[in-house]
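First the structure, in the form of structure tokens, and then the observations on it.
Nothing in this text is a laboratory measurement; each read-out follows from the coordinates by a stated rule. Note that the coordinates shown come from a computational prediction; the quantities given were computed from them, not determined experimentally. Neighbour counts run over all protein chains shown; Cβ positions are idealised from the backbone, glycine included.
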Amino acid sequence: MRWCYIAVATVLLTSCAQPPRYEWGSYEDSLYQYYKDPSKAGDYLEVLAKATKAGDATGRTAPGVHAEYGYMLLSVGRQADATAEFESEKRLWPESAVFMDRMITTESAHRPPNTATSAVPGLTGKTGS
């Protein structure tokens, strides 16, 4: 009889499982790979681009993904694209506004004049200043 209760409890608990709340893509694995081998920054950028695009398409963008993508874009010299990602993070997650504004201000202070925006997967024709 005890096994019957355990079986019923297991079925009830597993049937209540919910789908993931946010779209992370393969963020966790790629972050780990990037930390192990920083030369894989390009692969990590692609994963972040896919995660932001998928999250935006479903309305389930994970908190911090646009900010992380912006930081990585900034680290490879794509300042205007980074600013667009920081703005997206701020729009989707208003509680990040103070930090994102600080990142945008810092980025703008270090941007060379007449920086052009390159094509970035997941961005919709935003241009730099």
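Summary table below
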item: Fraction in percent of alpha-carbon pairs per bin - 5 Å, region 20-110; result: 3, 16, 25, 23, 20, 11, 2, 0
item: Taking region 20-110 and dividing mean pair separation by its residue count, relative contact order in percent (alpha carbons under 8 Å, at least six apart); result: 22 percent
item: Total formal charge among the other residues, if their Cβ is under 13 angstrom from that of Gln33, Lys/Arg +1 and Asp/Glu -1; result: -3
item: Residue exposure sequence - His110, His66 - by fewest surrounding Cβ within 10 Å; result: His110, His66
item: Phi to ³J(HN,Hα) by Karplus 6.51 cos²θ - 1.76 cosθ + 1.60 over region 42-57, Hz, x for Gly, Pro; result: x, 5, 5, 4, 5, 5, 5, 4, 5, 5, 5, 5, 5, x, 5, 5
item: Phi to ³J(HN,Hα) by Karplus 6.51 cos²θ - 1.76 cosθ + 1.60 over region 68-83, Hz, x for Gly, Pro; result: 5, 4, x, 5, 5, 4, 4, 5, 9, x, 9, 4, 5, 5, 4, 4
item: Partners for Lys36 among aspartates and glutamates (Cα-Cα distance below 16 Å; same-chain residues under 8 apart left out); result: Glu28
